[in-house]
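Worksheet: one structure, shown below.
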Amino acid sequence: MANSLSILTDRLRWEEKALYTAALNMGLSASIVDVKSSSIDISDESTLPAEVRDSDVVLQRCVSHYRGLYYTAVLERFGRRVINSFMTSLMTGNKLLTSLELVKRGIPTPRTYVSFSDESAVEFMERHGYPMVVKPVVGSWGRMVTRVDDRDDANTLVEFRRMLQDPTYQVYYLQEYVRRPPRDLRAVVVGDDVVAAEYRYQPPDDWRTNIARGGRAEPVSLKGHDREIVLKAAEAVGGGVLGVDAMETEDGLLVHEVNGGVEFHGVTHATGVDVATKIIEYARSVAKR
Amino acid sequence: MIAVPDDALPGEIVSCPDCGTEYEVVSVDPKAGRAELKPAEEVKEDWGE
């Protein structure tokens, strides 16, 4: 029986506090560990924070993708069980890696392309036709996700990305623009179960549906083929605690993202499901394996 | 004046109601009605879900 868990954070959100409270309510010994204060000798397990050393399982909940990813690498090196695993965090933190796996497994997803320079990206979009959606390979909350409607948009985007000096912007992740209702689907997968799902409606002044951008939510019960697609998408990235995003089309759902650091405040509020407790129950079951 | 909830935990973010600047809670002492804050990190490119 797992008795203790630690929650790694670098910015304590509603979600981490809910997880901490849920763990305490279930009688577990729980701690919140701020990874920003950690320095670890990777040859010496005793230099891990004491709360982490004493934990049966670790929930990695950093808001920074790279902090969470590399902290997980260190913990797994010491044989610790981390949710999500390094591989899942790596896959979900990179939209291209996620798409490659979705395509490989035949999971319906928007047609996706990759270009490796400013020039080839613009040339490709001209050849493919507009509109297209361009996303950063690493990033979230809809940030820098751009709908490109013509060559002028494409040139402006390229110039802007060039100014940002981020090496990942040399890689262009391009997707077909999918015509969908003014909403998408967010499903929270915990282990092998879809514990809660919601439709996210785009705000009046934005085509993106991210709740972080002001979208509103409505509960939905996922069944049959749709549920199967969501679970397969979660499995494709290695499983764990995930937010699977999909769009409705005439041909069925298209999975467009799988999030490894899922924020569940909105879906908890929309559905009434105690997602935090579901995650702690899962963490406990993982620790027992 | 920045309001810090009594049940705030270290690491939580609170905002200045006047200018919106975010601060991270370092410690809270509800009995003394005091909290220690430090400027919160600014949003980075790799932040998110």
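What follows is calculated from the coordinates using simple rules that are stated; it is not laboratory data. Only a predicted model underlies this, so the values are computations on that prediction, with no experimental measurement involved. When we count neighbours, we look across all protein chains shown, and the Cβ atoms used for this are built from the backbone with ideal geometry, even at glycine.
Report relative contact order for the stretch A:217-289 in percent, whole number only (criteria: Cα-Cα under 8 Å, sequence separation at least 6). Walk me through the numbers before you get to the answer.
Details: 60 pairs, mean separation 20.3, N = 73.
Normalised by residue count, the contact order of the stretch A:217-289 is 28 percent.
Which GluC sites (Glu not before Pro) in the stretch A:208-256 pass both tests, a DSSP loop state and at most 12 other beta-carbon atoms within 10 Å? Walk me through the numbers on the way to the answer.
On the way: sites: A:GLU228, A:GLU235, A:GLU248, A:GLU250; in loops: A:GLU250.
Passing sites in the stretch A:208-256 are A:GLU250.
For chain A, what's the relative contact order in percent, using C-alpha pairs closer than 8 Å and at least 6 residues apart? Before the final figure, lay out each step's value.
Working: 543 pairs, mean separation 57.3, N = 289.
The value is 20 percent.
Would you work out if the stretch A:180-283 is rounded, prolate or oblate? Take a ≥ b ≥ c from the square roots of the eigenvalues of the alpha-carbon gyration tensor; rounded if a/c is under 1.5, else prolate when a/b is larger than b/c, oblate otherwise.
Numbers: a/c = 1.78, a/b = 1.25, b/c = 1.42.
Oblate is the answer for the stretch A:180-283, as a/c is 1.5 or above yet b/c matches or exceeds a/b.
Go through A:GLN60, B:ILE2, A:VAL189 and say which Cα lies farthest out towards the positive end of the charge dipole of the protein assembly as shown; charges sit on Cβ, +1 for Lys and Arg, -1 for Asp and Glu.
The residue sitting most towards the positive pole is A:VAL189.
Amide H to amide H under 5 Å from B:LEU37: which residues, 5+ apart in sequence or cross-chain, H placed 1.01 Å off N in plane?
Those qualifying (amide H under 5 Å, at least 5 residues apart or on another chain) are B:VAL26.
Per residue of the stretch A:82-90, in order, report the coupling 6.51 cos²θ - 1.76 cosθ + 1.60 (Karplus, θ = phi - 60°) as ³J(HN,Hα) in whole Hz, putting x for Gly and Pro.
Once rounded to whole Hz, the list reads 10, 10, 7, 5, 4, 5, 5, 5, 4.
What is the list of residues in the stretch A:219-251 whose amide nitrogen lies under 16 Å from a point 7 angstrom out from the Cα of A:LYS104, following Cα to Cβ?
Hits in the stretch A:219-251 for A:LYS104 at 16 Å: A:232-239.
With label points built 7 Å along Cα→Cβ from the Cα atoms of A:THR21 and B:GLU41, find their separation and express it in nm.
Spacing of the two 7 Å Cα→Cβ label points: 2.5 nm.
Any idea how far apart A:GLU119 and A:THR168 come out in nm if each label point goes 7 Å out from Cα toward Cβ?
2.6
Take the alpha-carbon positions of the protein assembly as shown, form their convex hull, and give its projected area averaged over all directions (one quarter of the hull surface) in nm².
Numbers: hull surface 76.0 nm².
Result: 19.0 nm².
At a Förster radius of 35 Å, what calculated FRET efficiency corresponds to the Cβ-Cβ distance of A:ASP193 and A:GLU76, to the nearest 0.05?
Values: r = 24 Å, r/R0 = 0.69.
About 0.90, to the nearest 0.05.
Among A:ARG81, A:ARG161, rank each residue by its count of other Cβ atoms within 10 Å, from fewest to most, as a rough exposure measure. It would help to have the intermediate numbers written out before the result.
Values: A:ARG81 17, A:ARG161 20.
Ascending number of Cβ neighbours within 10 Å: A:ARG81, A:ARG161.
Determine which lysines satisfy two conditions relative to A:LYS223: a Cα distance under 17 Å, and not lying fewer than 8 residues away in the same chain.
Straight-line reach from A:LYS223, under 17 Å: A:LYS232.
With the cut-off at 18 Å, tell me which of the pairs A:LYS17/B:LYS44; A:LYS36/B:LYS38; A:LYS36/B:LYS44 have Cα atoms farther apart than that. It would help to have the intermediate numbers written out before the result.
Numbers: A:LYS17/B:LYS44 22 Å; A:LYS36/B:LYS38 13 Å; A:LYS36/B:LYS44 14 Å.
Violating the 18 Å limit, Cα to Cα: A:LYS17/B:LYS44.
Using the Cα centre of the stretch A:37-184 as the reference point, and only Cβ charges (+1 on K/R, -1 on D/E), how large is the resulting charge dipole? Debye, rounded to the nearest 20.
540
Restricting to Cα pairs below 8 Å that are 6+ residues apart, what does the relative contact order work out to for the stretch A:1-103? Please round to a whole percent.
On the way: 137 pairs, mean separation 28.2, N = 103.
Answer for the stretch A:1-103 is 27 percent.
Starting from the Cα of A:ASN155, move 7 Å in the Cα-to-Cβ direction to define the label point; list residues of the stretch A:119-149 whose amide nitrogen is under 20 Å from there.
Under cut-off, by backbone N: A:119-134, A:146-149.
With 10 angstrom as the radius, rank A:ASP54, B:ASP7 by how many other C-beta atoms surround their C-beta, starting from the fewest. Don't jump to the answer; show the numbers that get you there.
Values: A:ASP54 14, B:ASP7 10.
Going from sparsest to densest Cβ surroundings: B:ASP7, A:ASP54.
Taking the Cα centre of the stretch A:105-195 as origin and charging only Cβ (+1 Lys, Arg; -1 Asp, Glu), how large is the dipole, in debye to the nearest 20? Could you put the intermediate results ahead of the total?
Numbers: 13 positive and 14 negative charges, 69 e Å.
The dipole of the stretch A:105-195 has a size of about 340 debye.
Under the rule a/c < 1.5 gives rounded, and otherwise a/b versus b/c splits prolate from oblate, where does the stretch A:1-86 land using the Cα gyration tensor?
Values: a/c = 1.82, a/b = 1.27, b/c = 1.43.
Since a/c reaches 1.5 but b/c is at least a/b, the shape of the stretch A:1-86 is classed as oblate.
Taking the Cα centre of the stretch A:180-283 as origin, work out the dipole magnitude from +1 charges on Lys and Arg Cβ and -1 charges on Asp and Glu Cβ, in debye rounded to 20.
Working: 11 positive and 18 negative charges, 39 e Å.
Taking the Cα centre of the stretch A:180-283 as origin, the dipole is about 180 debye.
For A:SER39, B:SER15, A:SER6, what's the fewest-to-most ordering of other Cβ within 10 Å of each Cβ?
Values: A:SER39 5, B:SER15 13, A:SER6 28.
Ranked by crowding around the Cβ, least crowded first: A:SER39, B:SER15, A:SER6.
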